[in-house]
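As structure tokens, the structure follows; a few thoughts come after it.
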Amino acid sequence: MKTATVALLLLVGGCSSMGVEPWERDILAKEEMQLTTDAAEGATDDHIYFSKEASSGGRAFGGGGCGCN
Amino acid sequence: MDGHSAVVAVAATKDRSISAALATATCALLGNSIPAAVEAQEEPKWDFNTSLLYYGEDENRVQDLSLKAIIRRMFVDDRSLTVSLTLDSLTGATPSGAIRQDVPQTFTRPSGNAAYEVPVGVLPLDDTFKDTRVALTGNWQQPVGDTSLINVGISASKEYDYFHLGLNGRFAKDFNKRNTTFSAGISIAQDEFDSVGGVPIPFTSMLDVGDTSNRPEASRDKDVLDVVLGLTQVISRSLVVQANYSYSSESGYLNNPYKVLSIVDGTTGDTIARTNPGPLLGPSHEFVFESRPDDRVKHSLYTQAKVFLGGKVLDTSYRYMTDDWDIESHTLDVRYRWPLSDRLYVEPHLRWYSQTEADFYRLSLVDGAPLPAFASSDYRLGAFDAITAGLKFGWKTANQNDMSIRLEWYQQAGSIPGEQLIGNQASRDNYPDLNALIVQFSYRFKL
């Protein structure tokens, strides 16, 4: 637990030196640079792979809600 | 006031009242005080994300035609309501879990009302699979202070034999000039399996047509808890990365009530023929219903990086998953969005997936041997690799709406652990490999 806390603090500390100024967000603001660009496609894929594989989620909640034979 | 303005005014009042009611509900949930009413600062907007999907497996296995609409209504102050509706129409056949034989096999249908025959050497598929699924979600999102946002939602879905109801919430906070975002989400759900013909008792035999004595209960439940902790970090003007840890716990009825295992001879590996089939129509061989543990805990780590390379965007993600059923999986996903003009792009997609089998995965069970605590021959709990390869074309219409079409091939190839193959099984193709075609047309427009 202690190690995890130290690791998290280092990570957050390390992150604070990264990044851009608010006026440098021209590229990051583009639609194609969003982490999820196509919500319908993402939800569809999550459902397909949930139904056909033993793993699910990761990107978002594990999904589910189907009998999925 | 003319008729048109009156309609607009009524609509605006209605919007504000919906917005206010949802804000009140959210704040009540969060235990916050209700914020002062805010006058409209700009015109509210609608965002419609719609798609039509065809998913089809070869050899007449599962076919799905799915219609989806994700509708987002944006209110003032970055508040929004998102509602999604999905309609699935499923038909086709699905592996029953029994193995191929050199003789014809007869099975009682899941309903218990009829039987079906599988020819010599053919993988037993249950071809009564037909379902319609309706899924609804609703999520309300709003900022909390200057650097945080909260999202609360509900999800429900219904199939002929399945009902799902879930609640979810997510909190995200920005740090470091909004370059770092920490998020935490929780989701709880209760699902109910209303198995056709009743829920069979695990490890009991498939019975004759009309005999439901091993199906005392009409339905069984399971509870699902998911927790996701995420960190998103902007690295540079053209690189953003994300890492998520997910915990998922399921408890209750985790079996598939339609899956069976073949009971085989310990030397030949052939399925045992029923000695006293009786006068009624029923199974020709010995099959028992599967038995899975009644809980499962999964952990997964998901990482994603998105980089802008002179107009093109490379999107890469990797997921590692492990659970207490002894399944481990690796998923690598790569997309490359390549603009061909200001309005047109092409996006190749490759996904590679590999999983190990669950510790209770069994191709078959040996007649006379002591039963293991759990066993399932569901191919999705076996060891397999899968590849998805696809291509998407996207374009902006003259009025700045987005359209896209994607074509993808999904292929699974599995293997049975060598020590599980008995006698004649070694010379048969035991794993139900899967080939599927995915075609999706999407249209996104804003009003």
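The values are calculated or read from the model by the stated rules, or taken from the named source; none is laboratory data. Note that the coordinates shown come from a computational prediction; the quantities given were computed from them, not determined experimentally. Here Cβ is always computed from backbone atoms with ideal geometry, including for glycine, and neighbour counts include all displayed protein chains.
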One residue is enough: does the range B:411-428 have a residue meeting the conditions under 19 Å from the mean Cα position of the chain (by Cα) and surrounded by 17 or more Cβ atoms within 10 Å (Cβ to Cβ)?
yes
Quick one: is residue B:102 out of contact with any helix residue (DSSP H, G or I) (no Cβ under 7 Å at 6 or more places or on another chain), surrounded by fewer than 20 Cβ atoms within 10 Å (Cβ to Cβ), more than 10 Å from chain A (Cβ to nearest Cβ) and touching a residue at least 60 places away in the same chain (Cβ under 8 Å)?
yes
Do we have residue B:246 as more than 9 Å from chain A (Cβ to nearest Cβ), under 23 Å from residue B:301 (Cβ atoms) and assigned to a strand (DSSP E or B) here?
no
State whether the residues of the range B:280-294 include one that is without any contact (Cβ under 8 Å) to a residue 40 or more places away in the chain and assigned to a strand (DSSP E or B).
no
Within the range B:290-308, restricting to residues that are within 28 Å of residue B:215 (Cα to Cα) and within 12 Å of chain A (Cβ to nearest Cβ), the one that is surrounded by the fewest Cβ atoms within 10 Å (Cβ to Cβ) is B:297
Of all residues being exposed (fewer than 15 other Cβ atoms within 10 Å of the Cβ) and more than 20 Å from residue B:126 (Cα to Cα) in the range B:237-275, which is farthest from the chain's Cα centre (by Cα)? Just the residue, please.
B:275
What are the pairs, 6+ residues apart or on separate chains, where a residue within the range B:217-242 that is free of Cβ contacts under 8 Å to residues at least 24 places away in the same chain and more than 7 Å from chain A (Cβ to nearest Cβ) has its Cβ under 6 Å from a residue that is surrounded by 15 or more Cβ atoms within 10 Å (Cβ to Cβ) and of a type in the set (Val, Ile, Thr)?
B:217/B:199
Just checking, does the range B:144-159 include any residue being under 21 Å from residue B:290 (Cβ atoms) and buried (at least 20 other Cβ atoms within 10 Å of the Cβ)?
yes
Kindly provide the set of residues from the range B:166-208 that are hydroxyl-bearing (Ser, Thr, Tyr) and within 18 Å of residue B:261 (Cβ to Cβ), ordered by number.
B:195, B:204, B:205
Is there a residue being acidic (Asp, Glu) and over 26 Å from residue B:205 (Cα atoms) anywhere in the range B:414-432?
no
Going through the range B:312-339 in order, the residues found to be surrounded by 15 or more Cβ atoms within 10 Å (Cβ to Cβ) and not in a strand (DSSP E or B) are B:325, B:327
Given the condition touching a helix residue (DSSP H, G or I) at 6+ places or on another chain (Cβ under 9 Å) and closer than 30 Å to residue B:173 by Cα, answer yes or no: does some residue in the range B:118-136 qualify?
yes
Of the residues in the range A:29-42, those that are facing chain B (nearest Cβ under 7 Å) and over 13 Å from residue B:315 (Cα atoms) number 3
Which listed residue, of B:442, B:404, is part of a strand (DSSP E or B), more than 22 Å from the chain's Cα centre (by Cα) and either more than 14 Å from chain A (Cβ to nearest Cβ) or of a type in the set (Ser, Thr, Tyr) (or both)
B:404
Being farther than 20 Å from residue B:323 by Cβ and either at pLDDT 95 or above or more than 9 Å from chain A (Cβ to nearest Cβ) (or both) is the filter here, so list the residues in the range B:249-263 that pass it.
B:260, B:261, B:262, B:263
Can you confirm whether residue B:376 is assigned by TED's automatic domain parsing to the domain that holds residue B:307 and either among the β-branched types (Val, Ile, Thr) or in contact with a strand residue (DSSP E or B) (Cβ under 8 Å, 6 or more places away or on another chain) (or both)?
yes
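Could you tell me which of the residues B:297, B:307 is closer than 22 Å to residue A:31 by Cα and assigned to a strand (DSSP E or B)? Before you say what the answer is, go through the steps one by one.
Details: B:297 fails: closer than 22 Å to residue A:31 by Cα.
Going through B:297, B:307 in turn, the sole match is B:307.
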Mind checking whether some residue in the range B:358-371 is facing chain A (nearest Cβ under 9 Å) and touching a Gly at 6+ places or on another chain (Cβ under 9 Å)?
yes
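Could you run through the range B:128-157 and say how many residues are within 30 Å of residue B:114 (Cα to Cα) and within 9 Å of chain A (Cβ to nearest Cβ)?
Count: 4.
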For residue B:119, indicate whether it is of a type outside the set (A, V, I, L, M), farther than 25 Å from residue B:442 by Cα, out of contact with any Gly (no Cβ under 7 Å at 6 or more places or on another chain) and surrounded by 18 or more Cβ atoms within 10 Å (Cβ to Cβ).
no
What are the pairs with Cβ atoms under 6 angstrom where one residue, in the range B:168-185, is more than 11 Å from chain A (Cβ to nearest Cβ) and under 13 Å from residue B:152 (Cα atoms) and the other, located anywhere, is part of a strand (DSSP E or B) and among the β-branched types (Val, Ile, Thr)? Sequence gap at least six, or different chains.
B:171/B:150; B:172/B:181
